[in-house]
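Engineer: I'd like to ask you about the structure that follows.
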Amino acid sequence: MIGPLPVRFPGIIFDFDGVLIESEYIGNKHIAEYLTRIGHPTSVEQSMANFMGLAGKEFIAAIERWIGGPLPADFHDERAREDARVMEAGIGAVAGAVAFVSALPADLPIAVASSSSTRWIARHLDHIGLADRFGGRLFSGREHVVNGKPAPDLYHHAAAALGLDTRDCAIIEDSPVGATGAVASGGYVIGLVAGQHCAPDHGEVLLAKGVSAVARNFQEVARLIA
């Protein structure tokens, strides 16, 4: 993708997991394997349908509803070991993501608004070579707002940090939870279904959440923002 791309929005806000890196499939595969091992058979598809985009207390509550009781005490240790493994190894980019971001005008304000920690975001942006483009504009629903996704607060926070209103921003999201908050924020929301975790009907799921448009890849994102 050759830049600079034409962009009709004053700024762009990116979700992270499943939009810029292929972490959604990896993370949900680990959850599905763990739950199956402790006696609650769960497919990767079921994990993604029920837990994708959630974090913190909402994430734990969703899993406990799924299994009908409290999680074993070792769940958090299991997750910590898996997080450490992928932090060491790094996670690859969603197809086309690096070329797309690299082709954006150098002076276009962009930010990440994610349910993940800023440490996680920074590590994997560095791994895929995009850390310098985002600078310090990395915002976490765990760290920067009281109410994370699906509330719209994180998008408002990210837009304000760019000196913009969310109504002036394109927001790129892949999860139903994220899309819900992004739509509520008033931004132009592009539902991206380019990741490995996206089922054939994922675009319809995001449209049902009210996204402005669906893009199957970053070439389509480029056309939507032009």
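Read-outs throughout are calculated quantities, based only on the coordinates presented, and are distinct from any laboratory measurement. Note that the structure is a prediction, hence the values are computed from the model and not measured. For neighbour counting, all protein chains shown are included, and Cβ atoms are generated from backbone atoms with ideal geometry for every residue, glycine included.
Engineer: Can you give the local net charge around residue 22? Use residues other than it whose beta-carbon is closer than 12 angstrom to its beta-carbon, Lys and Arg +1, Asp and Glu -1. Can you show the working numbers first?
Structural biologist: Working: positive: 29; negative: 17, 24, 174.
Overall, the nearby charge balance is -2.
Engineer: Now a separate question. Mind ranking 18-24, 76-82, 214-220 by how tightly packed they are, going by the mean number of other C-beta atoms within 10 angstrom, highest first?
Structural biologist: Numbers: 18-24: 25.4, 76-82: 13.1, 214-220: 17.4.
Packing order, densest peptide first, comes out as 18-24, 214-220, 76-82.
Engineer: Okay, next question. Just grab the label-to-label distance for residue 204 and residue 223, each label 7 Å out from Cα along the Cβ direction, in nm (one decimal).
Structural biologist: 2.1 nm
Engineer: Give me the base-10 log of I(q)/I(0) for the chain at each q in 0.08, 0.11, 0.13, 0.18 Å⁻¹, Debye formula, one uniform scatterer per Cα, rounded to two decimals.
Structural biologist: -0.26, -0.51, -0.71, -1.38
Engineer: Magnitude of the Cβ-charge dipole of region 114-226, K/R +1 and D/E -1, about the Cα centre, nearest 20 debye? If you can, show how the numbers build up before the last one.
Structural biologist: Working: 10 positive and 11 negative charges, 32 e Å.
The calculation lands at about 160 debye.
Engineer: Residue 149: which lysines have alpha carbons under 21 Å from its alpha carbon, excluding same-chain residues fewer than 8 sequence positions away?
Structural biologist: Straight-line reach from residue 149, under 21 Å: 57, 209.
Engineer: Oh, and also: Could you grab the relative contact order for the chain? Cα pairs under 8 Å, six or more apart, rounded to a whole percent. Please report the intermediate quantities before stating the final value.
Structural biologist: Details: 400 pairs, mean separation 60.1, N = 226.
This gives 27 percent for the chain.
Engineer: Tell me the relative contact order for region 133-226 as a rounded percent, counting alpha carbon contacts under 8 Å between residues six or more apart. Don't skip to the end; give the middle numbers.
Structural biologist: On the way: 144 pairs, mean separation 20.2, N = 94.
After rounding, I find 21 percent.
Engineer: For region 25-89, what is the relative contact order in percent, using Cα pairs closer than 8 Å and at least 6 residues apart in sequence? Show your work: numbers first, answer last.
Structural biologist: Numbers: 33 pairs, mean separation 14.7, N = 65.
About 23 percent, as a whole number.
Engineer: If Lys and Arg each add +1 and Asp and Glu each add -1, what is the summed charge of the other residues whose beta carbon sits under 15 Å from the beta carbon of residue 216? Please report the intermediate quantities before stating the final value.
Structural biologist: Working: positive: 223; negative: 173, 174, 201, 204, 220.
Charge balance near residue 216 sits at -4.
Engineer: What order, most packed first, do the peptides 132-139, 174-181, 47-54 have when packing is the mean number of other Cβ atoms within 10 Å of each residue?
Structural biologist: Values: 132-139: 15.6, 174-181: 26.8, 47-54: 21.8.
Final packing ranking: 174-181, 47-54, 132-139.
Engineer: Among rounded, prolate and oblate, which fits region 114-173 when a ≥ b ≥ c are the square roots of the eigenvalues of its C-alpha gyration tensor, a/c under 1.5 means rounded, and a/b larger than b/c means prolate?
Structural biologist: On the way: a/c = 2.09, a/b = 1.36, b/c = 1.54.
In terms of gyration-tensor shape, oblate.
Engineer: So what is the 222 nm mean residue ellipticity for the chain from helices alone, if each DSSP H run of at least 4 adds -39500 (n - 2.57) and you divide by all residues, rounding to the nearest 500 deg cm²/dmol? Don't skip to the end; give the middle numbers.
Structural biologist: On the way: 11 runs with 106 residues, N = 226.
About -13500 deg cm²/dmol.
Engineer: Still on this structure, I have one more. Given H placed on each backbone N at 1.01 Å, which residues far from residue 5 in sequence or on other chains put an amide H within less than 5 Å of it?
Structural biologist: 104
Engineer: Just for the chain, what percent of DSSP beta bridges are antiparallel, to the closest 5? Working shown, then result.
Structural biologist: Details: 1 of 19 bridges.
Antiparallel bridges: around 5 percent, rounded to the nearest 5.
Engineer: Where does the charge balance sit around residue 115 when Lys and Arg score +1, Asp and Glu -1, over other residues with C-beta under 10 Å from its C-beta? Intermediate values should be presented prior to the final figure.
Structural biologist: Working: positive: 142, 149; negative: 15, 17, 58.
Net charge in that neighbourhood comes out at -1.
Engineer: Using only alpha carbons, build the gyration tensor for region 1-81 and give me the equivalent ellipsoid semi-axes, biggest first, whole Å. Working shown, then result.
Structural biologist: On the way: eigenvalues 220, 34, 25 Å².
One finds semi-axes of 33, 13, 11 Å for region 1-81.
Engineer: Here is a further query. Based on Cβ point charges of +1 for Lys and Arg and -1 for Asp and Glu, what charge dipole magnitude is obtained for the chain about its Cα centre, in debye rounded to the nearest 20? Intermediate results must be reported in sequence, preceding the final value.
Structural biologist: Working: 18 positive and 26 negative charges, 48 e Å.
Computed charge dipole of the chain: roughly 240 debye.
Engineer: Something else: Based on the mean of other beta carbon atoms within 10 Å per residue, what is the order of 107-116, 92-101, most packed first?
Structural biologist: On the way: 107-116: 22.2, 92-101: 19.9.
Going from most to least packed, we get 107-116, 92-101.
Engineer: List the residues, sorted by chain then number, that are 5 or more residues from residue 11 or on another chain and whose placed amide H is less than 5 Å from its amide H.
Structural biologist: The list, which skips near neighbours in sequence, is 170.
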